[in-house]
């Protein structure tokens, strides 16, 4: 067995197989989308909806960290990604509920508004899918 195969077997976390590549790709796309959206909104009209724009920026940071953890691989990165995915899901559920209960607090949408409806509900589906995959890759 080669060293890289040995390391992958020990970590139980190989992005080369299964949904790992798709998760990295989706989280990468969401990192760019959320970061771009928040930067443009903050530059052009921050005073209109500062909470919404700051939450979109926070989502971008969460997505970037998960992407980094998935690419890095290894057991500690897997655990960090799992915790971050749980935090992401909590954020999506909290912000999604908040936007429905108090829509006046959000004059403009965030990535997580209405549970990610503007993004085809991927923001609520993605962390659940990632957590399932990360738990299954646990050794």
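The values are calculated or read from the model by the stated rules, or taken from the named source; none is laboratory data. Given the structure is predicted, the values throughout are model-derived calculations rather than measurements. Every residue, glycine among them, receives a Cβ derived from its backbone with ideal geometry; neighbour counts consider all protein chains shown.
Touching a helix residue (DSSP H, G or I) at 6+ places or on another chain (Cβ under 6 Å) and either surrounded by fewer than 18 Cβ atoms within 10 Å (Cβ to Cβ) or assigned to a helix (DSSP H, G or I) (or both), is that true of residue 87? It is false that residue 87 is touching a helix residue (DSSP H, G or I) at 6+ places or on another chain (Cβ under 6 Å) and either surrounded by fewer than 18 Cβ atoms within 10 Å (Cβ to Cβ) or assigned to a helix (DSSP H, G or I) (or both).
Count of segment 97-121 residues, restricted to those that are part of a helix (DSSP H, G or I), under 23 Å from residue 69 (Cβ atoms) and in contact with a helix residue (DSSP H, G or I) (Cβ under 6 Å, 6 or more places away or on another chain), is 1.
Hey, among 73, 96, which residue is surrounded by 18 or more Cβ atoms within 10 Å (Cβ to Cβ) and on the phi > 0 side of the Ramachandran plot?
73
Just one of the numbered conditions (1) part of a loop (DSSP other than H, G, I, E, B); (2) touching a residue at least 60 places away in the same chain (Cβ under 8 Å); (3) surrounded by 14 or more Cβ atoms within 10 Å (Cβ to Cβ) is not true of residue 59: (1).
Of the set (1) modelled with pLDDT under 95; (2) under 15 Å from residue 137 (Cα atoms); (3) surrounded by 14 or more Cβ atoms within 10 Å (Cβ to Cβ), all apply to residue 21 but (3).
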